[in-house]
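Take a look at the structure below.
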Amino acid sequence: MDKAALKTLEYNKILSKLAEKAGSKLGRELCLGLHPASDIDDVRESLAQTAEAVYVDSMTRPPLGGIFDLRPSIKKVGLGAVLELEEIQNILMTMYAMRAIKKFFKDLEMEAPMLKEKAHGIEILGNLERNLENTVDEHGNLRDDASVELRRIRREMKVSQARIKDHLANILHSSEYQKFFQDAIVTIRGDRYVVPIKQEYKNYFPGIVHDQSASGSTVFIEPMAVVNLNNEVKQMIAAERHEIDRILRDISNQVRRVDEQLLTNCEIMAEIDFAFAKASLAHEMQAIEPMINDEGRTNLMNARHPLINKDIVVPIDISLGEKYTMLLVTGPNTGGKTVSMKTLGIMVLMAQSGLFIPCATGSELAVYNNIYADIGDE
C-alpha cells in the first residue's frame, strides 16, 4: 500500500486505538505493525479470525494477563548470562499464562477453530515450570528450599544470628556498659553486628571499630564476644551467595534449553492477544464484518468515520464499482466531502487489515491492490 495514503488517511491512529486494546507488549507490537493485505484470501482469513474473536468475546474472554516480553531474557541466556530473580518470576508468570490460555481454548465449547488451533500449538513445559516454582515464591524471592544446600546454609545462619543477638542483648542490658551506649540498639555495618558507643568511651569498650557517625559523636563497635560468631555469619553469607549463583545459573541453563519453544509460545499468545484486541475495537466501534469480493464492487451503508465521535458523526452511503467506477463528490466547503472520501479510504484499509468496520450489516467492499489519496493542497 502507498505509505503516503496511509498517512493521509490517518491509518496509524486506527492502529494506535487497536494497540490500546492489547494486553501484552508483543500483542501491541502486532497491532502497531498491522498492514493492509491485497490478496483476497489473506483478507478473508484475517477477517474470519477477527469474527471468531468477536464471537468468543461476546460471551467470555481468554485469560490474557500476566504475559511478559521474554525476548530480552531469552537473548540474555543465549549469550551465557545468568537471569535475575525478577526475570525468572516473569518467565514463570508467562508460563502460567501459557497454561491458562491453552486450557481456556481446550475447554471452550464455542466454535472457534482458528483460535483453538493456535492455542493447541502452545507447548506446556511442565518440568521447567515446576523447577521455576521451586526456585521463586509468589513475591519473586528465592525460596529457602530452592536447594538442599541453600536450606542448610540459611538454617545455620539463622541459628548463628540468634546467638549473636542473645550475646548482644546481654551486653546491652549489662549495668557495666549502660553509660557507654549512645542508643541501646543493635545495628549492622559490613554484614557484622555492632553497637553504637559514645566516642568518649570507645577505649573502654572491648571490640573492633567499624564505623562512626557523621558528627563523630558515635562509633559503631563490634564486641569481642561476637567476633567469631560474626565471622561465621560472614562465611555463611559468602556460601549463600555462591549457592544462589549456582541455582540461578542452573535455572538459566534450563531456560536456554527450551528457549525456542518459549519464544514460539509467546508468539502464539501475542497472536491471540492481537485477535482479541481486534474484537475489542470492533465492539467499541459497533463495527461489523464486511462482505468481501474481488469484482471491484463496494457498497457501504451508514458508514461512520472511525476517528470521529460516534455520537456526532454523520453516517453516509457509498456505492462504487457496479453502474460506475468513478465517483465525483461536489458541494460547498465544510460540507463533508473530505470526510466522505477519507471514510471510504479508511474503511478499505481497515477491512483489508482484518478489522471490522463501523457500517450497517450487509456492507460490502472490494479488495483493492492499492489506495492513493491526494487531499487538500496536494
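The values are calculated or read from the model by the stated rules, or taken from the named source; none is laboratory data. Because the structure is a prediction, the values reported are computed rather than measured. Glycine gets a Cβ as well: all are built from the backbone with ideal geometry, and neighbour counts include every protein chain shown. Only protein heavy atoms, including side chains, enter the accessible area calculation; ligands, DNA and RNA are left aside. Shrake-Rupley method; radii C 1.70, N 1.55, O 1.52, S 1.80 Å.
Each row is one residue, and each column tells you yes or no for (1) touching a Phe, Trp or Tyr at 6+ places or on another chain (Cβ under 9 Å); (2) of a type in the set (Lys, Arg); (3) open to solvent by less than 60 Å² (accessible area, probe 1.4 Å); (4) modelled with pLDDT under 95.
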{"position": "Phe105", "(1), (2), (3), (4)": "no, no, yes, no"}
{"position": "Gly121", "(1), (2), (3), (4)": "no, no, yes, no"}
{"position": "Asn127", "(1), (2), (3), (4)": "no, no, no, no"}
{"position": "Glu156", "(1), (2), (3), (4)": "no, no, no, yes"}
{"position": "Ile164", "(1), (2), (3), (4)": "yes, no, yes, yes"}
{"position": "Ala169", "(1), (2), (3), (4)": "no, no, yes, yes"}
{"position": "Gln182", "(1), (2), (3), (4)": "no, no, no, yes"}
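Which residue is farthest from Ser252 (Cα to Cα), if the candidates are limited to region 53-66 and must be open to solvent by less than 20 Å² (accessible area, probe 1.4 Å) and modelled with pLDDT of 95 or more? Going through the qualifying residues, I end up with Val56. Within region 214-237, the set of residues being farther than 15 Å from Tyr193 by Cβ and open to solvent by 60 Å² or more (accessible area, probe 1.4 Å) comprises Ala214, Ser215. With respect to the conditions (1) over 21 Å from Ala270 (Cβ atoms); (2) acidic (Asp, Glu); (3) touching a residue at least 24 places away in the same chain (Cβ under 8 Å); (4) outside any helix (DSSP H, G or I), Glu149 falls short on a single one, namely (4).
At least 2 residues being in contact with a Leu (Cβ under 7 Å, 6 or more places away or on another chain), within 21 Å of Tyr368 (Cα to Cα) and open to solvent by less than 70 Å² (accessible area, probe 1.4 Å) is the threshold, and among the helices (runs of 4 or more DSSP H) wholly inside region 1-52 those reaching it are 11-20. The residues of region 252-286 that are more than 21 Å from the chain's Cα centre (by Cα) and surrounded by 22 or more Cβ atoms within 10 Å (Cβ to Cβ) amount to a single one, Ala282. Per the listing Thr361, Thr325, Thr330, Thr338, the residue uniquely open to solvent by 40 Å² or more (accessible area, probe 1.4 Å) and either touching a Leu at 6+ places or on another chain (Cβ under 9 Å) or not in a loop (DSSP other than H, G, I, E, B) (or both) is Thr338.
Among the residues that make up region 76-93, is at least one of them crowded, with 17+ Cβ neighbours inside 10 Å, among the polar types (S, T, N, Q) and modelled with pLDDT of 95 or more? Yes, there is a match, as at least one residue in region 76-93 is crowded, with 17+ Cβ neighbours inside 10 Å, among the polar types (S, T, N, Q) and modelled with pLDDT of 95 or more.
Scanning region 344-354 turns up no residue that is open to solvent by 20 Å² or more (accessible area, probe 1.4 Å), among the polar types (S, T, N, Q) and modelled with pLDDT of 90 or more. Taking region 203-213 as the range and being among the aromatic types (Phe, Trp, Tyr) and either in contact with a Leu (Cβ under 7 Å, 6 or more places away or on another chain) or open to solvent by less than 60 Å² (accessible area, probe 1.4 Å) (or both) as the test, only Phe205 passes.
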